[in-house]
Amino acid sequence: MMKRTRRTHSAGLKEKVALTAVKCERTLAELAQQFDVHQNQIMEGKRQLQERAADAFGATGAPSSEAPVDVKALHEKFGQLTQEDNLVSGAHGNAGLLSAKR
């Protein structure tokens, strides 16, 4: 018995199969036979298409997993830390702990 080699399907074929599956005009077995793919591949393509459909229409209302960045607060914190660093460096330099050169 000869082992079947792994095939790669184009994005166009995957799209066509998934769209046909979403229409629900035929059974999974019929689609699998028609496109010569496994039923699990059809179900996975259909699931991915349905999950990512909102991306195609630019879903702006979708909640983001990242918190928004407050740039103003970051600049204030950076300025504060810079001042503290300068103060500590000056104090150490005056005490002879660090060289005045940087």
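The values are calculated or read from the model by the stated rules, or taken from the named source; none is laboratory data. Computed from a predicted model, the values in this text were never measured in an experiment. Quick reminder, even Gly has a Cβ in these numbers, built from the backbone with ideal geometry, and neighbours come from all protein chains shown.
Computed values, structure above
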quantity	calculated
Single condition residue 68 does not satisfy, out of (1) outside any loop (DSSP other than H, G, I, E, B); (2) modelled with pLDDT of 75 or more; (3) not polar (S, T, N, Q)	(1)
Residue match in segment 71-79 (condition: at pLDDT 90 or above and either touching a Lys or Arg at 6+ places or on another chain (Cβ under 9 Å) or aromatic (Phe, Trp, Tyr) (or both))	yes
Pair list, Cβ < 7 Å and 6+ apart or interchain, from segment 23-36 residues that are under 20 Å from residue 50 (Cα atoms) to residues that are surrounded by 11 or more Cβ atoms within 10 Å (Cβ to Cβ) and small (Gly, Ala, Ser)	31/21
Test for residue 49: is it of a type in the set (A, V, I, L, M, F, W, C), farther than 30 Å from residue 12 by Cβ, at pLDDT 70 or above and in a helix (DSSP H, G or I)	no
